[in-house]
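**Q** Supplied in C-alpha cells, the structure appears directly below.
The values are calculated or read from the model by the stated rules, or taken from the named source; none is laboratory data. Quantities reported herein were computed from a predicted structural model and do not represent experimental measurements. Neighbour counts are summed over all protein chains in view; Cβ atoms, including those assigned to glycine, are modelled from backbone coordinates with ideal geometry.
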Amino acid sequence: MGLLENLALGFGEALTLQNLFYCFLGVTIGNFMGVIPGVGAVAAVSILLPVTYYVPPTAGLIMLAGLYYGAVYGAVTGAILLNIPHTVSAVECLDGYPMAQNGRAGVALFMTTIASLCGSLVGVVILAVCAPTVAEFALTFTSIEYFSLIVLGMTGAAVLARGSAIRSFSMVILGMIVGIVGTDVISGQPRFTFGFNHLSDGVSVGVIAMGLFGVAELMGSAGRPKPVLLESKTITWRSLMPTAEDWRRSWPAILRGVGVGSCLGLLPGGGAVLASIMGYTVEKQLARDPSRFGKGAIEGVVAPEAAANAACQTSFVPTLTLGIPTDPIMAVMLAALIMKGIAPGPSLIAEHPDIFWGLVASFIIGNVLLVIWHIPFIRIWVQLLTIPFHLLYPAVIVMICMGVYSIHSSATDVLLLLVFGGLGYGMRLLGFQPAPLLVGLVLGPLMEEHLRRSLIVSRGDFIVFFERPISVAVLTVSFLVLVLTFRKKNLPS
Amino acid sequence: MSGASDSDKTQTDLRVSARSNFDARALLGGLIAVALGILTIMEGRRYPSGSLLRMGPGYFPLLLGSLLAGLGAILCVTSFFSRTSPRLEMILWRPVIMIPASILCFALLVTPFGLGPAVFALVFVALLSERTFNPRAALLMAVGMTTFVWIVFTVILAMPYPLLTW
C-alpha cells in the first residue's frame with residue numbers, strides 16, 4: 001500500500017466522530033495543562049491514562065498523544081509571559097521573556113505557534129515515511145538486537161538527561177529495580193512483593209509517573225509566591241503581527257529547529273526537552289551576533305519551539321516500531337498501549353494499521369486544531385495564567401488521586417502514589433532527575449526478558465551480542481555516546 | 001529569597017557552605033543509593049539466581065543491586081571533589097507536609113466513606129499549604145471540587161464510586 005492510501009485509511013479512522021472528539025479533548029486539555037504552571041506534560045498524560053481504560057485503543061491513544069503535543073504547545077505561553085521554565089520549554093524563557101518585557105509578547109506567541117505547527121507537520125511526515133521502513137527492517141530483529149537497542153535507549157536516557165551522568169545512571173538502575181516488582185515473566189514467580197498480593201502485578205507506570213512528576217512537583221511549588229504576569233491586557237490582535245524583519249529572521253531558524261528536532265526525536269533518550277535545548281544552542285552558535293541572545297532574539301524562541309514539536313512527533317517512531325520509548329512521556333504512552341493489549345513493536349503497523357495510521361492522521365488534525373484554538377483565543381489562554389495557583393493545585397491533586405484510584409479502584413494504589421511522591425521530592429532536593437527513572441522502569445523488564453532469552457539461545461555466552469552486525473553497531477554507538485559524554489562532562493565548563 | 005522569606009519561620013534555607021568543594025547532596029544521594037543497592041541484593045538473594053545459561057529470577061536483581069551500590073559508591077567518593085557549589089533548594093515545610101497529608105486523607109477515606117468525604121478532606125487539607133489559609137474559601141473550594149468530581153466521575157463517566165457510603 002502506498003503512503004497516500006495509508007493516509008486515507010488513517011483519515012477515515014481519525015475523522016470518525018468519536019476519534020475527532022477525543023483528539024479535540026486531548027489537545028484542549030493538554031494545552032490547558034501546558035499553559036497553567038505546576039503541571040508538566042508527563043503528569044498531564046498520566047492523569048488521563050486511566051481514561052483510556054474506558055475508550056477504544058485508537059481513541060485513547062489519540063487523546064494521550066494530543067495531550068502531549070497540546071501541552072508542549074501550551075507550555076511556551078507560560079515561558080514567554082511568566083518566565084516559568086516548564087520542562088519542555090525551559091529555553092524559550094531565555095529570549096521569550098525578554099521579548100515580553102520589550103512589549104513584544106504577542107509577536108513571540110504568534111511566531112511560536114507558527115514554529116510549532118511547522119515542526120509538528122514535518123515531524124508527522126517523517127513519522128509516516130520512516131516508521132513503516134524501520135518496522136519492516138526490525139521484523140528480523142531477535143532478542144539479541146532488542147537487548148542492544150535497549151542498552152542504547154538506557155544509555156541515551158542517562159547521558160542526555162540534565163545533570164551528571166552517574167546520577168542519571170543511578171536513576172535508570174533504580175527504575176529498573178522498581179520494575180522488578182511483580183511477577184517474573186519467565187518463571188512466573190512473584191518477586192520483590194514483600195508479601196503484598198497487591199504488588200504481584202507490579203506497580204502501575206501511571207502511579208509512579210504521577211507520584212514522581214505530579215505530587216513531587218506540587219510539593220515543591222505549592223504555597224510559593226507567583227511571578228508577576230506581564231501585560232496580560234495588552235495582547236491585542238495587532239500586537240500579534242510580526243514585522244517583516246521578524247519573518248526574515250524566523251524562517252531559517254524554524255527550518256534549522258525542525259531539522260535538529262526531527263533527528264533528536266528519533267534517537268532513544270532524545271525527546272522534546274533535549275531538542276529544544278539543542279535548537280537554542282544551534283541558533284546561538286550560528287548567529288552572526290550572539291550577543292542578541294538572551295535579550296529577546298526571536299530566533300531563540302522559534303527554533304527551540306520548532307525543534308521540540310518536531311521531536312515530539314518523530315519520537316513516536318522508536319516507540320511504536322521498536323517498543324523502545326525515548327523519554328518519560330513515551331514510556332507512559334507505551335504503558336497505555338500494553339494496557340490495551342497491543343504489543344508495540346515492528347508488527348504493530350502491519351497488525352493494527354487502523355491504530356497507527358489513525359494516530360498519524362490525528363496528529364495532523366490535532367495540530368491544525370491547536371492553531372485554530374490558540375491564535376483566536378490567545379487572550380483567554382493568557383488569562384489562564386492569572387488564575388491564582390491556590391485555586392489550581394488542589395484541583396490537580398484531586399485529578400491525580402482520582403486518576404490513580406480509578407486504575408484498579410484501589411486505595412492501596414493511592415498510598416503507593418504517596419510513596420513515589422515522597423521519593424520524587426527527595427530526589428528533587430538531592431538533585432536527581434526523575435525522567436531516567438521512568439525510562440528504566442519501562443525498559444528494565446524488557447531488558448531482563450531479552451537478556452535471558454538471548455543467553456538461552458546462545459547457551460550462556462555473552463559473545464552472541466558481538467556476533468550479529470546490528471547488535472554490534474548499536475552497542476558501539478552506545479559506547480561512543482558514553483565515552484563522549486564523560487569526556488565532555490569532565491571538562492570544566 | 002527576598003521579602004516574605006525573611007521573617008517566616010516555616011521557610012528554611014538549608015544552603016550548605018558554598019566555599020567547600022564538598023557536595024553534601026551528592027554524598028547523601030550516594031549513601032542512599034548504596035543502601036538501596038544493598039537492600040536489593042539482600043532481597044534478590046531470596047530468589048534462585050540460576051546460571052548464565054539459564055538465569056533464574058534472582059540473577060537480574062542481584063546484578064542491578066550491585067550496579068546501584070557501585071554507582072552510589074562512586075557518587076560518595078566524587079562528592080568530596082565536587083566543582084559545583086552545593087546548594088539545597090529552599091524548603092517550604094507547609095506544602096511538603098500538607099500535600100502528602102491530603103493524599104493520605106483521600107486514601108484512608110475513599111473506600112470506607114465514599115468519594116464525597118475523601119475529596120472534601122483532600123482539598124481542605126491541601127489548602128493548608130497556604131500561609132494565608134482562609135477557612136471559608138477552603139470550605140467553598142472543597143464543596144466545589146466535590147461537586148465537580150461527583151458530576152464528572154459518577155454522573156458522566158458512570159464510574160462505580162458512591163458519593164457517600166459507610
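**Q** Does A:S406 satisfy the criteria of being at the interface with chain B (Cβ under 8 Å from one of its Cβ atoms), among the polar types (S, T, N, Q) and either crowded, with 23+ Cβ neighbours inside 10 Å or part of a helix (DSSP H, G or I) (or both)?
**A** Considered against the rule, which asks whether it is at the interface with chain B (Cβ under 8 Å from one of its Cβ atoms), among the polar types (S, T, N, Q) and either crowded, with 23+ Cβ neighbours inside 10 Å or part of a helix (DSSP H, G or I) (or both), A:S406 comes out as yes.
**Q** Take the conditions touching a Leu at 6+ places or on another chain (Cβ under 6 Å), assigned to a helix (DSSP H, G or I) and more than 7 Å from every other protein chain (Cβ to nearest Cβ) and apply them to B:P112. Does it pass?
**A** Numbers: touching a Leu at 6+ places or on another chain (Cβ under 6 Å): no; assigned to a helix (DSSP H, G or I): yes; more than 7 Å from every other protein chain (Cβ to nearest Cβ): yes.
No, not satisfied.
One line per residue, one yes/no per condition, for (1) touching a helix residue (DSSP H, G or I) at 6+ places or on another chain (Cβ under 7 Å); (2) at the interface with chain A (Cβ under 7 Å from one of its Cβ atoms); (3) more than 24 Å from A:A216 (Cα to Cα); (4) not in a loop (DSSP other than H, G, I, E, B):
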site	(1), (2), (3), (4)
B:L63	no, no, yes, yes
B:C76	yes, no, yes, yes
B:M98	yes, no, no, yes
B:L108	no, no, no, yes
B:V125	yes, no, no, yes
B:S129	yes, yes, no, no
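**Q** Follow-up. Which one is farthest from the chain's Cα centre (by Cα), of the residues in the stretch A:37-58 that are over 19 Å from B:A158 (Cα atoms) and of a type in the set (A, V, I, L, M, F, W, C)?
**A** That would be A:V39.
**Q** A follow-up question, please. When A:I365 is evaluated against the numbered criteria (1) touching a residue at least 60 places away in the same chain (Cβ under 8 Å); (2) surrounded by 19 or more Cβ atoms within 10 Å (Cβ to Cβ); (3) within 10 Å of chain B (Cβ to nearest Cβ); (4) in a helix (DSSP H, G or I), which criterion, by number, is the only one it fails?
**A** (3)
**Q** Kindly state which helices (runs of 4 or more DSSP H) lie completely within the stretch A:1-55 and contain at least 3 residues that are of a type outside the set (A, V, I, L, M) and touching a residue at least 40 places away in the same chain (Cβ under 8 Å). So that I can check it myself, show each step before the final result.
**A** Numbers: elements: A:3-14, A:17-35, A:41-47.
Result: A:3-14, A:17-35.
**Q** I've got another one for you. Please go through the stretch A:409-421 and pick out each residue that is surrounded by fewer than 21 Cβ atoms within 10 Å (Cβ to Cβ), free of Cβ contacts under 8 Å to residues at least 24 places away in the same chain and farther than 18 Å from A:T52 by Cα.
**A** Residues satisfying the conditions are A:A411, A:L415.
**Q** Moving to a separate point now. Condition check: outside any loop (DSSP other than H, G, I, E, B), modelled with pLDDT of 90 or more and buried (at least 24 other Cβ atoms within 10 Å of the Cβ). Does A:Y69 satisfy that? Steps first, answer last, please.
**A** Details: outside any loop (DSSP other than H, G, I, E, B): yes; modelled with pLDDT of 90 or more: no; buried (at least 24 other Cβ atoms within 10 Å of the Cβ): yes.
No; evaluated as a whole, the condition is false for this residue.
**Q** Scanning the stretch A:279-332 for residues that are over 28 Å from A:G153 (Cα atoms) and in contact with a Phe, Trp or Tyr (Cβ under 7 Å, 6 or more places away or on another chain), which turns out surrounded by the fewest Cβ atoms within 10 Å (Cβ to Cβ)?
**A** Residue satisfying both the conditions and the ranking: A:A287.
**Q** All but one of (1) at pLDDT 90 or above; (2) in contact with a strand residue (DSSP E or B) (Cβ under 9 Å, 6 or more places away or on another chain) hold for B:L68; state the number of the condition that does not hold.
**A** Every condition holds for B:L68 apart from (2).
**Q** Suppose we filter the stretch A:138-163 for residues that are closer than 13 Å to A:P434 by Cα and in a loop (DSSP other than H, G, I, E, B); how many remain?
**A** 3
**Q** Here's a follow-up. Within the stretch A:378-392, identify whether any single residue is facing chain B (nearest Cβ under 9 Å), surrounded by 19 or more Cβ atoms within 10 Å (Cβ to Cβ) and either among the hydroxyl-bearing types (S, T, Y) or within 30 Å of B:V96 (Cα to Cα) (or both), and answer yes or no.
**A** Yes, the conditions are met somewhere in the stretch A:378-392.
**Q** Applying the selection to the stretch A:72-85, what residues are surrounded by 24 or more Cβ atoms within 10 Å (Cβ to Cβ) and under 19 Å from A:V396 (Cα atoms)?
**A** Those that are surrounded by 24 or more Cβ atoms within 10 Å (Cβ to Cβ) and under 19 Å from A:V396 (Cα atoms): A:V72, A:G74, A:A75, A:G78.
**Q** If you don't mind, another one. Please enumerate the residues belonging to the stretch A:409-434 that are assigned to a helix (DSSP H, G or I) and either on the phi > 0 side of the Ramachandran plot or more than 9 Å from chain B (Cβ to nearest Cβ) (or both). Before the answer, list the steps.
**A** Taking the stretch A:409-434 as the starting set, the residues that turn out to be assigned to a helix (DSSP H, G or I) are A:411-429.
A:L416, A:V419, A:F420, A:L423, A:G424, listed by residue number.
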